[in-house]
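Engineer: Before we start, here is the structure in question, set down as structure tokens.
The values are calculated or read from the model by the stated rules, or taken from the named source; none is laboratory data. Keep in mind it's a predicted model, so treat the numbers as computed, not measured. All Cβ positions, even for glycine, are placed from backbone atoms using ideal geometry, and neighbour counts span all protein chains on display. The area values use the complete protein model at the heavy-atom level, side chains included, leaving out ligands, DNA and RNA. Shrake-Rupley method; radii C 1.70, N 1.55, O 1.52, S 1.80 Å.
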Amino acid sequence: MFDKIIAAVNDALYGYILIIILVAGGLYFTVRTKGAQFRLLGAQLHAVTEKPKDGKGVSSFQALMVSTASRVGTGNIIGVSTALCLGGFGAMFWMWVIAAIGGATALIESTLAQIYKRRGPDGAYGGPAYYIEKGIGSKPLAILFSVVLIITYGIGFNMLASYNLQSTFSAYSFYNAQQTPWIIGAVLAVLVGYCLLGGGKRMMKATGILVPIMGIAYILIAVVIVCINIKSIPTVFAEIFTNAFDFKAIFGGFSGSCVMYGIKRGLYSNEAGVGSAPNASASADVQHPIKQGLVQVLSVFIDTILVCSATGFMCMTSGVEATAELSGAPYVQAALSASLGTFGPIFITVAMVLFAFTTLLGNLYYVDQCVFYILGKVPSKKVQHAYHIAAALIVLLGAGLSADLLWNISDLTMGVMTLINLPVIVILGKYAFRALKDYEKQRKAGEDPVFHAADIDLPHEVDYWQ
């Protein structure tokens, strides 16, 4: 009954409300920034290489890896597979749409996180809670957002990542439905606990090493599989666009259509507008807020245009039919087996282990920032260790629960985050637009852009940029 209620709420939320808000918000930011997510691609690549002035702070690349670690996760494999099996190949097109317009949303929210970031004993920190409190003047709303984020990422998404990881082992003969999930969950919980107890720097280091390795390896395998099945590419593209614009089928059953699945899984994957990535963006030591905003645009494109598309084309070109029975890990494993034989399932298992692990670390970094906000300070080591152990136990618990329930809970709480964050960044967006204008003005003058709050007539007091 609980699962059915949540599913019904999600149908309404993703069937109407979020689609309108996400698309309208993304288009608004795209128009106001003159398509900055597309025309400033060179600046995005350049911004990633910027290092802290003192050499000690968090670099743009490190902040990118934390947000990408959360974005690029099990949803890029299981989520895409689920969307293709239940919504059809047209879901891939709607994921691309959400990423394309979502890039502008990511630029704005991460720029605002940089403008309103705070000074801490270990460097900068911040996120939506801070720009909600300072920019909107509503601490209760900021606390509500923080609580929902903790539920979404610390509980929902982390339990889901744990479940998705253990589910890939179901293809092996040693898998026992009663015991194996708990064993895998326990091993994952121990590894996550080790990184958490080492603090943010250990998490940054782990994600900075693992994310590039796993992302490059995954995309290379996808390219190999597409090359093996190159003859099926025209048919696949034809089916993507035919299915994506089959409006009779879409409006005949919208809750199970390619549009709804594309938007749900696209949002789950790239998180643009949700308000999660700004928590990592705020930590970067850069000379201008727009630089880190541009870096987060790159993260959205890496996630959806590269990694989600890699999964999609591995599956769609394999010749394996996408059915509801194969939804999730089984479809990806069957697709890779058809192209690579026994190596396919083994590769997906390794990829899932790395994706799940880095997702967990990225998610828990966000949780840390919101816990700090609610408490009003960085808690003692004992308090941090206590809730980090609790976070590890949640990972263990997620391995043995129902996938449908976990998907529905995560979709619901992520939707609530978006409903809070998007209107806020629309209201505060004028300061990000001014910052973008200031950034481009300096670039045209041949200067390396440097930011001062007075340059955009910011009426709020901030810790940085004075």
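Engineer: Any residue at all in the stretch 53-73 that is farther than 23 Å from residue 294 by Cβ, modelled with pLDDT under 80 and among the small types (Gly, Ala, Ser)?
Structural biologist: No, the conditions are met nowhere in the stretch 53-73.
Engineer: Go through the stretch 366-414 and give me each residue that's at pLDDT 80 or above, more than 18 Å from residue 164 (Cβ to Cβ) and hydroxyl-bearing (Ser, Thr, Tyr).
Structural biologist: 366, 373
Engineer: For residues in the stretch 358-393 being farther than 12 Å from residue 158 by Cβ and aliphatic (A, V, I, L, M), which is surrounded by the most Cβ atoms within 10 Å (Cβ to Cβ)?
Structural biologist: By that ranking, first place goes to 371.
Engineer: What pairs can you find where one residue is in the stretch 225-248 and touching a residue at least 24 places away in the same chain (Cβ under 8 Å) and part of a helix (DSSP H, G or I), the other is open to solvent by less than 90 Å² (accessible area, probe 1.4 Å) and among the hydroxyl-bearing types (Ser, Thr, Tyr), and their Cβ atoms are less than 6 Å apart, with a gap of 6+ or different chains?
Structural biologist: 225/339; 226/317; 228/339; 232/317; 236/317
Engineer: Scanning the stretch 223-272 for residues that are among the hydroxyl-bearing types (Ser, Thr, Tyr) and modelled with pLDDT of 85 or more, which turns out nearest to residue 96 (Cα to Cα)?
Structural biologist: Here is the first cut: in the stretch 223-272, the residues among the hydroxyl-bearing types (Ser, Thr, Tyr) are 232, 235, 242, 255, 257, 261, 268-269.
After this cut, where a residue has to be modelled with pLDDT of 85 or more as well, the list is 232, 235, 242.
Values: 232: 20, 235: 18, 242: 15 Å.
The selected residue is 242.
Engineer: Checking the condition touching a strand residue (DSSP E or B) at 6+ places or on another chain (Cβ under 6 Å), at pLDDT 80 or above and acidic (Asp, Glu), which residue from 463, 438 passes?
Structural biologist: Working: 438 fails: touching a strand residue (DSSP E or B) at 6+ places or on another chain (Cβ under 6 Å).
Unique residue meeting the criteria: 463.
Engineer: Further question: Looking at the stretch 413-427, which of its residues are of a type outside the set (A, V, I, L, M, F, W, C) and surrounded by fewer than 18 Cβ atoms within 10 Å (Cβ to Cβ)? Walk me through how you get there before you give the answer.
Structural biologist: Here is the first cut: in the stretch 413-427, the ones of a type outside the set (A, V, I, L, M, F, W, C) are 413, 415, 418, 421, 423.
Scanning the stretch 413-427 gives a single hit, 423.
Engineer: Mind listing whichever residues of the stretch 147-183 are within 24 Å of the chain's Cα centre (by Cα) and β-branched (Val, Ile, Thr)?
Structural biologist: If the condition is that a residue be within 24 Å of the chain's Cα centre (by Cα) and β-branched (Val, Ile, Thr), then 147, 148, 150, 151, 152, 155, 168 are the ones that fit.
Matching residues to (1) within 30 Å of residue 261 (Cα to Cα); (2) in a helix (DSSP H, G or I):
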| residue | (1), (2) |
| --- | --- |
| 408 | yes, yes |
| 415 | yes, yes |
| 439 | no, yes |
| 464 | no, no |
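Engineer: If a residue counts only when it is among the hydrophobic types (A, V, I, L, M, F, W, C) and within 15 Å of residue 88 (Cα to Cα), which helices (runs of 4 or more DSSP H) contained entirely in the stretch 284-359 have at least 3 such residues? Lay out the reasoning, then the answer.
Structural biologist: Working: elements: 289-301, 309-316, 329-340.
In the stretch 284-359, 309-316 are the helices (runs of 4 or more DSSP H) which contain 3 or more residues that are among the hydrophobic types (A, V, I, L, M, F, W, C) and within 15 Å of residue 88 (Cα to Cα).
Engineer: Which one of the conditions (1) free of Cβ contacts under 8 Å to residues at least 60 places away in the same chain; (2) open to solvent by 50 Å² or more (accessible area, probe 1.4 Å) does residue 334 fail to meet, given that it meets all the rest?
Structural biologist: Tallying (1) free of Cβ contacts under 8 Å to residues at least 60 places away in the same chain; (2) open to solvent by 50 Å² or more (accessible area, probe 1.4 Å), residue 334 fails exactly one: (2).
Engineer: Residue check, residue 150 against (1) open to solvent by 20 Å² or more (accessible area, probe 1.4 Å); (2) out of contact with any Cys (no Cβ under 6 Å at 6 or more places or on another chain); (3) not polar (S, T, N, Q), all met but one. Which one?
Structural biologist: All conditions are met except number (2).
Engineer: Ok, one more. Has the stretch 130-144 got at least one residue that is assigned to a helix (DSSP H, G or I) and within 18 Å of the chain's Cα centre (by Cα)? Talk me through it step by step, then tell me what you get.
Structural biologist: Within the stretch 130-144, the first condition is being assigned to a helix (DSSP H, G or I), and the residues that meet it are 130-136, 139-144.
After this cut, where a residue has to be within 18 Å of the chain's Cα centre (by Cα) as well, the list is none.
Scanning the stretch 130-144 turns up no residue that is assigned to a helix (DSSP H, G or I) and within 18 Å of the chain's Cα centre (by Cα).
Engineer: Within the stretch 6-34, count every residue that is open to solvent by 10 Å² or more (accessible area, probe 1.4 Å) and outside any helix (DSSP H, G or I).
Structural biologist: Total meeting the criteria: 1.
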